[in-house]
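Input: a single structure, listed below in structure tokens.
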Number of protein chains: 2
Amino acid sequence: MLEAIFAPRSIAVVGASPDPTKLGHRILKNILDAGYPGRIFPVHPGASHILGFPAYPSVEQVPEPVDLAVIVVPATVVPNVAEACGRAGVKGLVVISAGFKEVGPEGRALEMQLLEIVQRYGMRMIGPNCLGIIDTITRLNASFAALYPHPGQIAFMSQSGALCTAILDWSKAQGIGFSRFVSLGNKADVDEVTLLEAWGCDQANNRVILAYLEGIGNGDAFVAVARRVTKRIPVIAIKSGATQAGARAASSHTGALAGAEHACEAAFDQSGVLRARSMQELFDFAMAFAYQPLIPGNRLAIVTNAGGPGIIATDAAERIGLHLAELTPATMAALRAALPSTASVSNPIDIIGDARPDRYRVALRAALDDPYVDAVLVLFTPQAVSKPEDVARTIVEVAAGSAKPVVTSFMGAATIGEALRILNDHRIPNYAFPERAIAALGAMVAQRHWVERPPEEYVRFDVDAERVRALFTRVCSEGRVELGELEAREVIEAYGMRLPKSLLAQSPEEAAEIAARLGFPVVMKISSPDILHKSDIGGVKLGIGDSAAARDAYELIEYRARKYSREARIWGVLVQEQVRKGREVLVGVSRDPQFGPLIAFGLGGIYVEALRDVAFRLAPVSRQEAAEQVRAIRAFPLLRGVRGEPPADIAAAEEVILRVSQLVTDFPEIVEMDINPLVVYNRGEGATVLDARIILRG
Amino acid sequence: MLEAIFAPRSIAVVGASPDPTKLGHRILKNILDAGYPGRIFPVHPGASHILGFPAYPSVEQVPEPVDLAVIVVPATVVPNVAEACGRAGVKGLVVISAGFKEVGPEGRALEMQLLEIVQRYGMRMIGPNCLGIIDTITRLNASFAALYPHPGQIAFMSQSGALCTAILDWSKAQGIGFSRFVSLGNKADVDEVTLLEAWGCDQANNRVILAYLEGIGNGDAFVAVARRVTKRIPVIAIKSGATQAGARAASSHTGALAGAEHACEAAFDQSGVLRARSMQELFDFAMAFAYQPLIPGNRLAIVTNAGGPGIIATDAAERIGLHLAELTPATMAALRAALPSTASVSNPIDIIGDARPDRYRVALRAALDDPYVDAVLVLFTPQAVSKPEDVARTIVEVAAGSAKPVVTSFMGAATIGEALRILNDHRIPNYAFPERAIAALGAMVAQRHWVERPPEEYVRFDVDAERVRALFTRVCSEGRVELGELEAREVIEAYGMRLPKSLLAQSPEEAAEIAARLGFPVVMKISSPDILHKSDIGGVKLGIGDSAAARDAYELIEYRARKYSREARIWGVLVQEQVRKGREVLVGVSRDPQFGPLIAFGLGGIYVEALRDVAFRLAPVSRQEAAEQVRAIRAFPLLRGVRGEPPADIAAAEEVILRVSQLVTDFPEIVEMDINPLVVYNRGEGATVLDARIILRG
């Protein structure tokens, strides 16, 4: 995949220039300087040679097949060039030129035209409006970046070209190497999904994939591809600039709670993409994955020559759920035999300030040999007795070939430069402060959990989809988008969720009669497609105990609905059996423009809005994801039961999530939905939908 | 204060050695090398000269007055040396020697002996068991650190000596300078409080004070001193190693929720100490305070030559509550006139990748001149057109003398070294990534808010403390620590909090009679000093509607209590008016061993434990702090009123916090207390204590 772009046998640079101040010259020179081994053809209208290469007036006149064309000509000319490339059998394009979508409607049209040409000829294209691409395996630098990175096993894609230059500059000094380095530009053709898929097939060269993304075009594809790739190669992303696109006016609870940020978070979570909170973290995590084996578990040993940093690391570890390993008696005995009596032989292993490399050797070896240790963090503070570079060399020796990751935090800077170089050269990730090392190990543990997670189980319940389809067609044909309560009940029922018994009354007398049939007490509610929050207008009455009360309630509810809106269509008043008390939760759905249906779960009633204690998952939701979603809210102990209360029927709540997931996956026209409250009874007793709202696409 | 230690006119080094491998030699040499201008007297039993200075066999034989003695002799000898110093009129000691409290009981005794000597002679002492001290104003390096820091305006104290060496090493390479640098050691005499107080008086030299602390000895004094100092000088601390000391077994809700971590957090919050979450952050924040004027408000402008980093910075700013300034039309016009049409003249100001220094000049000046901008973050990514050092020089020029802080994020490393030096030399803090710059500005905003906060208002209510004192005396004399419900009610009443009417019944008949008097329905509860969680044993009955039910309830409750424990003392059954429904909250107290009484506020009932949504403040609590505490819980919207509900009587809840604060301040013997629930009615209707537990010191 994308070989024509990353491993072309020949390259044409269209817009190559003899003028050294021009980008077209710079790019040609970059290709040359990086040592690209294939054929290079400058294309220029007049020049006969550029940088020693014979130049051609057009791609079509190049006498040999061209795999990749790098295009750096004015935007308006680009479609013609692409057309010529297509005719000449070029397979890949990197379009550096700007002046497309990013400059407005005309540019957008030009970009559409360009994409059409690319697709017509079956080419693939990076850009337009990008810095270019670098592949250190091919030794290809088809970019105008000022620096060529060290070779390495980190693949990096960025939606910001400037960030690329900054990262190259920074990584060069840090000794961080890359396999591929791509500026995505406008992502007209090749986007983050294409690259993920392509890079995901090359585990040998890409040990970790990094992405800086400002927007994700095709959320579904992203999740689907990322889910597969992340099982093989860790993917770490920064997603910035949560756009306002997702934050459209929302009338339901769930709509108001959800937002682009939650959808993106859920997408990353469900597809195993690790999210970095800062650029620093992105590379801190990357180093650990690129240099070290994946952590086998979450039990950490710390070796340190100073108490303070050991405490700092321990605190940081506990904060993110890394456990300090309990060392075996054998390990402690080995340490005790070799270390001075003032040393601490339990974890953190404190080898004391006067430690020379030999103590580091003993302690690191003992820790790595301990079967209950999964990873070791080695801390070093400069002390008079020990040369940092000797300690570094010792760590490199002992760690070599270990199946457990070893990371270090050599603290300082002035006197440890040589030590840092030794560590980096031997693929030991070093972090200036212990907290950063801990965070990187934490990311490794998350990746480990993801890799070991059993395959997702998707269930399909036996439901009556036809009934729902017919109902939606009818609602649509009436020009409505919001379902009435009776209609919503019908949908809920068709998808196998339990409802309280309920009938529509259209007069006070009928209400009394139905209530008597259902058995007192009953609940009565206004039934109108135009009244959304029924209780806000006094349209809901609880605990109606006899026939007279039912008649009164009918009249009062109808009066209030009329007062609220003369225009509202009133279908009558719903009389419902009053359900037993249980724990009230909410299951809701909103639709994210990028990632599709987003399912919310939280405490119901007024708590959902006040506490904003809601967990989100994208549909379709797997069995495990539903279980995790229910457990992800802070208030989960209320469902598990506190202070001697019996546990709630958590399985029933999970099943409602799964049925709702199936419903909104079957019917993409559902844009918002609230089940609030869902009353969850004690374990084994199920859950009942008390109220549901469904809104279809307008 | 502490002049004898930080600005001594003369120094004796007791344990100075002619042997260059000895610490005593190293320290003397460090004093010499740093250029200390006062008199230096090595003390050594045999040598006549060390490093060219005449040596003396004891401090007492030094022919001139000695202000400071640096002691580096075996621990067992230290008391004798200190005694000699006292006799010789020495005023300050820095005891480097280890072998005291940190090695066990014998060392602890030795340390007590040493402290007694120090106090008897009115000396002050740093250490023992420390790296020493550095004062760049005096040019004093009384430490065995391998490096002497750049002079600067950051004062640093650390409870870890190794961390001192690491920080010195690191800061040297970063160009970060210090005014004072102290290894606290065992803090036998001078501790964090002493240093805070001393450094807080020298604003000219200490623009910011940093502390790495593992424990705080005297919490009360720390809070009192920090409160004053932080109004003048920002204090940033890392507190690590939350000890288990505070996490003693706790039987009450509040005890289980509180912990050393919460107490420390509250202490820092209430005293204006900024807490850094990592070593990196500690110095990131310090640079901003040391180099730049305090931010006047929270409106930020961003100037960038690249879109991506601008978005990253914007995201980070929004996440921590920094506002992106709305630029005035005049500012935007000025920018439009000077920048190319592709530039963005609204905030973030994007001066585009081909920006040379002139555009940085225009944009930074315009942003600083805008009256609605409080601070400017300048972002730079390396681009072919601009030399980083020219951009740096331009920023330095424009920012010079500005009353608004300017910080930068020059991203990269390989090509920007010279630019970073220029920025650092001219006191522009630079951060490798934009998120760190934003975090530092956020710390500045927090400091600004703290400085501008009006003085705390402490109220004292008119209460009946005598009645409580008498009651506690009685409880104590009976050998009890837990108050019975009636006793707790008495305390609550004496401190002016409202209770439901309630009387103790000692027979079924009496219960029926009392209930009739109070008016049905009533609540009945077991009254026993030995039954803590009454409802857990079925010892509480609600909604008792008539005399027969009251009689039945009495018998049932008594039966259950007996079944629960034959030994429990049962005083009877409390009959209580059933109070109206309201919003239930908890006000609780636990006592932190370091910081004293810690007041908890949260939602009451089962929510307090399940959601752990609790805010803590140390007593005494001021009016503002009580108001903030109530608003600090996530569930505060439930009190303010959601979905058309009227607001609760928040003022009444605050008043209960203040009265409880007064109570636990008046009576240090209260170690735990729960008011749960406190029923808060609608605004203007007050709040009622439904249940209270009080536990005294055993």
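The values are calculated or read from the model by the stated rules, or taken from the named source; none is laboratory data. This structure is a prediction, so every number in the text was calculated from the model and none was measured. Note: ideal-geometry Cβ built from the backbone for every residue, glycine included; neighbour counts use all protein chains shown. We work out accessible area using only protein heavy atoms, side chains counted, and drop any ligands, DNA or RNA first. Shrake-Rupley method; radii C 1.70, N 1.55, O 1.52, S 1.80 Å.
Report the Cα-based extents of the range A:145-291 along its three principal axes, largest first, to the nearest Å.
That works out to 52, 29, 29 Å along the principal axes.
Quick one: plug the Kirkwood hydrodynamic radius of the range A:583-696 (C-alpha pairs) into Stokes-Einstein at 25 °C, 0.890 mPa s, and report D in µm²/s.
The diffusion coefficient I find is 177 µm²/s.
What number, in percent, do you get for the relative contact order of the range A:540-698 if the mean sequence gap of Cα pairs under 8 Å and at least 6 apart is divided by its residue count?
Relative contact order for the range A:540-698 comes out at 22 percent.
What value, in deg cm²/dmol to 500, does the helix sum -39500 (n - 2.57) over DSSP H runs of n ≥ 4 give at 222 nm once divided by the residues of the protein assembly as shown?
-12000 deg cm²/dmol
Please give the contour-minus-distance gain from B:LEU556 to B:ARG580: 0.36 nm per residue of separation, less the Cα-Cα distance, rounded to one decimal in nm.
Answer, rounded to one decimal: 6.2 nm.
Can you give the extra length, in nm with one decimal, that the chain gains between A:ASP425 and A:HIS49 once fully stretched, where that is 0.36 nm per residue apart less the Cα-Cα distance?
131.3 nm
May I ask you to list the aspartates and glutamates whose Cα is less than 13 Å away from that of B:LYS534, ignoring any residue fewer than eight positions away on the same chain?
Counting by Cα, and skipping residues close in sequence, B:LYS534 has these aspartates and glutamates nearby: B:GLU485, B:GLU558, B:ASP691.
If you take every DSSP beta bridge fully contained in the range A:1-131, what fraction is antiparallel? Give it as a percent rounded to 5.
Antiparallel bridges: around 10 percent, rounded to the nearest 5.
In terms of the ratio Rg/(2.2 N^0.38 Å) built on C-alpha atoms, what value belongs to the range B:1-131?
Compared with the compact-globule rule of thumb, the range B:1-131 sits at 0.97.
Can you tell me the length gained on complete extension of the stretch B:SER477 to B:SER346, counting 0.36 nm per residue apart and subtracting the Cα distance?
Stretched fully, the B:SER477-B:SER346 segment lengthens by 39.8 nm.
Mind scanning B:LYS239/B:LYS581; B:LYS172/B:LYS387; A:LYS387/B:LYS231; A:LYS29/A:LYS187; A:LYS501/B:LYS525; A:LYS239/A:LYS581 and naming the pairs with a C-alpha gap bigger than 32 Å?
With Cα atoms farther than 32 Å apart: B:LYS239/B:LYS581; A:LYS387/B:LYS231; A:LYS501/B:LYS525; A:LYS239/A:LYS581.
Within straight cross-link reach of B:LYS563, meaning Cα distance under 18 Å, which aspartates and glutamates are found once same-chain residues fewer than 8 apart are removed?
Those aspartates and glutamates meeting the cut-off are B:ASP530, B:ASP536, B:ASP552, B:GLU555.
Putting +1 on Lys and Arg Cβ atoms and -1 on Asp and Glu Cβ atoms, find which of B:LEU574, A:VAL481, B:GLY417 reaches farthest to the positive end of the dipole of the protein assembly as shown.
B:GLY417
Under a point-charge model restricted to the Cβ atoms of Lys and Arg (+1) and Asp and Glu (-1), what is the dipole moment magnitude of the protein assembly as shown relative to its Cα centre, in debye to the nearest 20?
Around 1460 debye, computed over the protein assembly as shown.
If I model a spin label at A:ARG569 and B:ALA465 as a point 7 Å from the Cα along the Cα→Cβ vector, what separation in nanometres do I get?
Result for the modelled spin labels: 7.2 nm.
Going by accessible area, probe 1.4 Å, with all protein chains left in place, what is the ranking of B:ILE526, B:ILE320, largest first?
My answer, sorted largest first, is B:ILE320, B:ILE526.
For chain A, what is the largest minus smallest coordinate of the Cα atoms on each principal axis, given in angstrom and ordered from greatest to least?
Extents along the principal axes, in whole Å: 97, 80, 38.
So, in Å, what gap is there between the alpha-carbon centers of the range A:65-139 and the range A:494-523?
Using only Cα atoms, the two centres lie 65 Å from each other.
With both partners inside chain B, how many of the DSSP beta bridges are antiparallel, as a percent to the nearest 5?
Restricted to chain B, the bridges split so that about 50 percent are antiparallel.
Out of the range A:425-477, which trypsin sites (Lys or Arg not before Pro) are coil in DSSP terms and have no more than 13 other C-beta atoms within 10 Å?
A:ARG460
What Rg and what Dmax come out for the range A:465-577 when only alpha-carbon atoms are used, in angstroms?
Cα radius of gyration and Dmax of the range A:465-577 are 14.3, 40 Å respectively.
Set Lys and Arg Cβ to +1 and Asp and Glu Cβ to -1, take the dipole of the protein assembly as shown about its Cα centre, and tell me which of B:ALA687, B:SER535, A:VAL378 lies farthest positive.
Result: A:VAL378.
Rounded to the nearest 20 Debye, what is the dipole magnitude of the range A:585-698 about its Cα centre when Lys and Arg each give +1 and Asp and Glu each give -1 at the C-beta?
240 debye
Please report, to two decimal places, log10 I(q)/I(0) for the protein assembly as shown at q = 0.04, 0.06, 0.09 Å⁻¹ as given by the Debye formula with identical point scatterers on the Cα atoms and no solvent.
Reported log10 I(q)/I(0), two decimals: -0.31, -0.69, -1.39.
In percent, how large is the relative contact order of chain B, given Cα pairs closer than 8 Å and 6 or more residues apart?
9 percent
Compute the acute angle (0 to 90°) between the alpha-carbon long axis of helix B:219-232 and the principal axis of greatest extent of the alpha-carbon atoms of chain B; round to the nearest 10°.
Rounded to the nearest ten degrees, it is 50.
Quick one: of the DSSP bridges fully inside the protein assembly as shown, what percent are antiparallel, nearest 5?
In the protein assembly as shown, DSSP labels about 50 percent of beta bridges as antiparallel.
Once both labels are modelled 7 Å past Cα along the beta-carbon direction, what's the B:ARG39-A:GLN506 spacing in nm?
With each label placed 7 Å out from Cα toward Cβ, I get 11.2 nm.
Taking the dipole about the Cα centre of the range B:145-291, with the C-beta of Lys and Arg at +1 and of Asp and Glu at -1, give me whichever of B:TYR212, B:LEU147, B:ALA286 is farthest to the positive side.
B:ALA286
Do any GluC sites (Glu not before Pro) in the range B:366-469 lie in a DSSP loop with no more than 12 other beta carbon atoms within 10 Å, and if so, which?
Listed in order of number, the matching sites are B:GLU457.
Across bins of 10 angstrom width beginning at 0, how are the C-alpha pair distances of the range A:179-229 distributed, in whole percent?
The distribution over the range A:179-229 is 23, 60, 17, given as percents.
So what is the relative contact order for the range B:293-452, in percent, with contacts set as C-alpha pairs under 8 Å and at least six apart?
29 percent
I need the calculated FRET efficiency for the pair A:LYS387 and A:ASN205, taking r as the beta carbon distance and R₀ as 56 Å, to the nearest 0.05.
About 0.95, to the nearest 0.05.
How large is the dipole of the range B:293-452 about the Cα centre if only Lys and Arg carry +1 and Asp and Glu carry -1, each at its Cβ, rounded to the nearest 20 debye?
Dipole about the Cα centre, nearest 20: 140 debye.
How many angstrom lie between the Cα centre of the range B:339-404 and the Cα centre of the range B:633-652?
Here the two parts' Cα centres lie 46 Å apart.
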